[in-house]
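Heads up, the thing below is written out as structure tokens.
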Amino acid sequence: MREAAKTFRLGILISGRGSNMVALADAVRAGLIPNAKIAVVISDQPTAAGLEKAKERGIETVVIERRGRTREEHDRDIVENLRKREIDLVCLAGYMRILSREFLGPYRGRILNIHPSLLPAFPGLNPQKQALDQGVTEAGCTVHFVDETLDGGPIVLQRAVPIFEGDTIEALSERILEQEHHTYPEAVTLVLDQLPAR
Ligand code: GRF
């Protein structure tokens, strides 16, 4: 008899709005990310709007504030929470902190991030503004593995969007975000398909 397919347990880290977290949760519910469950949403910000959206979807939420601790202590707390829940893959979704080795060590190759630019172009803050300032004709989004570098880990999937004459940061960000919501679930599906057993 064939073994039942393993259910991969996802942990999503947010700091704010949480629209990519919602896109992932809705994709899991719709069966677009097979054999997956969102086991926990962790926020470093108690007021993150995404927390309510996760709760509405019946997903466990945890707030882990930094509260004067070092980055390492904060990351150790997060890792402990992920371990307790046997998380297979961590998805950063608007999580506004750089990860320390305490986090990268145990989850290397198992942490994804989404960034609103066509990496390696425009890493870091305000990539949509960077793209407009440079006068490029295409922007987009990238899902990549997280490593020590700033938005520099191996790329899983990208999607381009056009930049129009007279584009504003708001209009461009909106156009990119719409693509992010399709690209992240697709990228997670690709990664889970190749993820080695623990
Ligand atoms: C997205 O644009 C994502 O690419 C970037 O931060 C933003 C988060 O938005 N890393 P949301 O919280 O998922 O709505």
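The values are calculated or read from the model by the stated rules, or taken from the named source; none is laboratory data. Predicted, not measured: the structure shown is a model, and the values here were computed from it. In this analysis, Cβ positions are derived from the backbone assuming ideal geometry, glycine residues included, and neighbour counts consider all displayed protein chains. Each accessible area value is taken on the protein alone, full model and side chains, heavy atoms only, with ligands, DNA and RNA left out. Shrake-Rupley method; radii C 1.70, N 1.55, O 1.52, S 1.80 Å.
When you check Ala39 against the structure, is it open to solvent by less than 20 Å² (accessible area, probe 1.4 Å) and small (Gly, Ala, Ser), yes or no? So Ala39 fits the description; yes. Among (1) within 30 Å of Asp88 (Cβ to Cβ); (2) out of contact with any Gly (no Cβ under 6 Å at 6 or more places or on another chain); (3) surrounded by fewer than 16 Cβ atoms within 10 Å (Cβ to Cβ), where does Ala160 come up short? Status for Ala160: all satisfied but (2). Residues of the range 53-67 that are surrounded by fewer than 12 Cβ atoms within 10 Å (Cβ to Cβ) and either modelled with pLDDT of 95 or more or touching a Gly at 6+ places or on another chain (Cβ under 8 Å) (or both): Glu56, Gly58.
What number of residues within the range 105-134 are open to solvent by 20 Å² or more (accessible area, probe 1.4 Å), within 15 Å of Ala160 (Cα to Cα) and in a loop (DSSP other than H, G, I, E, B)? Total satisfying the criteria: 5.
Apart from one condition, Tyr107 fits all of (1) more than 15 Å from the chain's Cα centre (by Cα); (2) away from the ligand (no atom under 16 Å from the Cβ); (3) not small (Gly, Ala, Ser); the exception is (1). Counting only helices (runs of 4 or more DSSP H) wholly contained in the range 1-104, the ones carrying 3 or more residues that are within 16 Å of the ligand (Cβ to nearest atom) and in contact with an Asp or Glu (Cβ under 9 Å, 6 or more places away or on another chain) occupy 19-29. Pairs meeting the criteria (first residue in the range 6-17 and over 19 Å from Arg198 (Cβ atoms), second residue at pLDDT below 95 and open to solvent by 20 Å² or more (accessible area, probe 1.4 Å), beta carbons under 7 Å, at least 6 apart or on different chains) are Ser15/Met96. The number of residues in the range 80-91 that are open to solvent by 10 Å² or more (accessible area, probe 1.4 Å) and either more than 12 Å from Val40 (Cα to Cα) or within 15 Å of the chain's Cα centre (by Cα) (or both) comes to 1.
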